[in-house]
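Note sheet for the following structure.
The values are calculated or read from the model by the stated rules, or taken from the named source; none is laboratory data. It should be emphasised that the depicted structure is a prediction, and the values quoted were computed from it without experimental measurement. FYI the Cβ positions are ideal-geometry reconstructions off the backbone, even for glycines, and counts take in every protein chain you see. What goes into the accessible areas is simple: the full protein's heavy atoms, side chains included, and nothing from ligands, DNA or RNA. Shrake-Rupley method; radii C 1.70, N 1.55, O 1.52, S 1.80 Å.
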Amino acid sequence: MSGVSKDMNCWISGDVPGAESLELCTRSVPEAKSCTVVIQVKAAALNFSDLLMIDGTYQVRPPRPFVPGQEVAGVVVATGENCRWKVGDRIASKVFWGGFAENVEVREDMAIPVPDNMGFAQAVALPVAYMTAMVALHHCVSVGPQDRVLVHAAAGGVGLAAVEIAHAAGAQVIGTAGSAEKRALARHHGADQTVDYGEPNWKDQVKELTGGKGATIIVDPVGGDVALQSLRCIARYGTLLIVGFASGEIAKLPSNYLLLKSARAQGVLWSHDQDAEVVTHLTDRLGKLLNAGQINPVVSDNYTLSDLPKALKDLGNRGTVGKVVLTVGGGE
């Protein structure tokens, strides 16, 4: 890595779990190995799973101490053998962890190209948030004009991605969000109607907006009571897609609700190792939506690498819109 510093700044989650125990440290820049590259990180995105991983409650538990962060975008500065990327390439990628740093090692098969006309802050939303929405709507189900899609937390990272993807497929899209600003953002990005899921009768509003039929597809990154109440406005033969638990509460779904509607609840979980063909296909499809201007990631990028604790707190308090992004090393 000629011309590249051998040391980097990064956040470390040490022996004591929790965001309050994170430390900004200096570590050696990782080295590229066979089929991997090292990138200079320009943007790193936050996910709710980062909060869980830092707390030690996520299903993926890296050996401590570790650098958290699972979604990055930047410029390739070193490549290993047998790698299709070259120095200078602009890429975005999911990583298992290590993203909240100035440099990170990336598997070549997990990276996607960043168009020259797209900023890194927007591109960093693609590998996890948009791919999760693609898997939910184009793999777990086949969304189309026949569908009435209810998207919860429709101004969040995955929610806004799901709104755009469902809209691009021609579906009727109803977005839920807790503020007028967030609902307006969801409408701007393709939601036909929006409701406030803080209101007690929001499920009745969904029924009314769907002509009493209910939603054929429900995308739920929230969990808790929102998931439970969703089954009261799901259509016959509808599907509840369980994406996450931003509320911090895992719903205990009553199976009789599913029985009465012949409905189903399905988890949305994917990986590059177990779903390689699916991810490759959907990456190509995502690229076509991007080129057609049918997706336009919204980011909250007024954070730098040193602001990670504040960004995590804001995300946890659900006080953000779109994808929460740290700009790193000067960003663009």
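Rounded to the nearest percent, how much of the accessible area of the chain (1.4 Å probe, protein heavy atoms only) is carbon and sulfur?
Carbon-and-sulfur percentage of accessible area, whole number: 50.
Using the Cα atoms of the range 103-164 to build a convex hull, what is its mean projected area in square nanometres?
The Cα convex hull of the range 103-164, projected and averaged over all directions, gives 5.8 nm².
Radius of gyration and Dmax for the chain's Cα atoms, expressed in Å?
Here Rg and the maximum Cα pair distance are 19.8, 65 Å.
Tell me the angle of helix 276-291 to the major Cα principal axis of the chain, expressed in degrees between 0 and 90 and rounded to the nearest ten.
Helix 276-291 and the main axis of the chain meet at about 80 degrees.
Rounded if a/c is under 1.5, else prolate if a/b is larger than b/c, else oblate: which is the range 141-267, with a ≥ b ≥ c the root eigenvalues of its Cα gyration tensor?
Judged from the Cα gyration tensor, the range 141-267 comes out rounded (a/c under 1.5).
Per residue, how much accessible area does the chain show when a 1.4 Å probe rolls over the protein heavy atoms, in square angstrom?
Value returned for the chain: 44 Å² of accessible area per residue.
Based on alpha-carbon positions alone, could you give the equivalent ellipsoid semi-axes of the range 197-291 from the gyration tensor, as √(5λ), descending, whole Å?
27, 16, 14
Cα atoms only: what Rg and Dmax, in Å, come out for the range 21-64?
Rg, Dmax (Cα atoms, Å): 13.3, 34.
Once phi is turned into ³J(HN,Hα) by the Karplus curve 6.51 cos²θ - 1.76 cosθ + 1.60 with θ = phi - 60°, what whole-Hz value does each residue of the range 156-173 show in order, with x for glycine and proline?
Ordered by residue, 3J(HN,Hα) equals x, x, 6, x, 5, 4, 5, 4, 5, 5, 5, 5, 5, 7, x, 7, 6, 10 Hz.
For the chain, what does the helix formula give at 222 nm: sum of -39500 (n - 2.57) over DSSP H segments with n ≥ 4, over the residue count, nearest 500 deg cm²/dmol?
Using -39500 (n - 2.57) per qualifying helix, the result is -7000 deg cm²/dmol.
Taking R0 as 30 Å, what FRET efficiency do you get between Asn82 and Asp116 from their Cβ-Cβ distance, rounded to the nearest 0.05?
Plugging the Cβ-Cβ distance into 1/(1 + (r/R0)^6) gives 0.70.
Can you grab the distance from the C-alpha centre of the range 116-180 to the C-alpha centre of the range 202-251, Å, no decimals?
Cα centroid of the range 116-180 versus Cα centroid of the range 202-251: 15 Å apart.
Specify whether the C-alpha gyration tensor of the range 10-157 places it in the rounded, prolate or oblate class, a ≥ b ≥ c being the square roots of the eigenvalues: rounded for a/c under 1.5, otherwise prolate if a/b is larger than b/c and oblate if not.
Oblate.
Tell me, what is the 1.4 Å probe accessible area of Tyr257, in Å² to the nearest 10?
Ignoring ligands and nucleic acids, Tyr257 comes out at about 50 Å².
Per-residue HN-Hα couplings for the range 117-126, Karplus 6.51 cos²θ - 1.76 cosθ + 1.60 at θ = phi - 60°, whole Hz, x for Gly and Pro?
Result, ordered by residue: 8, 10, x, 5, 4, 7, 4, 5, 7, 6 Hz.
Ordered by residue, what ³J(HN,Hα) values in Hz, to whole numbers, does the range 267-273 give under the Karplus form 6.51 cos²θ - 1.76 cosθ + 1.60, where θ = phi - 60° and Gly and Pro are x?
Listing the rounded values in order: x, 10, 9, 9, 8, 5, 6 Hz.
In nanometres, what is the gap between the two model label sites at Arg61 and Glu249, each 7 Å from Cα along Cα-to-Cβ?
2.6 nm
So if each residue of separation counts as 0.36 nm, and I subtract the Cα-Cα distance between Leu269 and Ser306, what length gain in nm does that give?
So the chain would gain 10.3 nm between Leu269 and Ser306.
Please list log₁₀ I(q)/I(0) at q = 0.18, 0.19, 0.24 Å⁻¹ for the range 133-213, using the Debye equation with identical point scatterers on the alpha-carbon positions.
Relative scattering, expressed as log10 I(q)/I(0), comes to -0.65, -0.73, -1.11.
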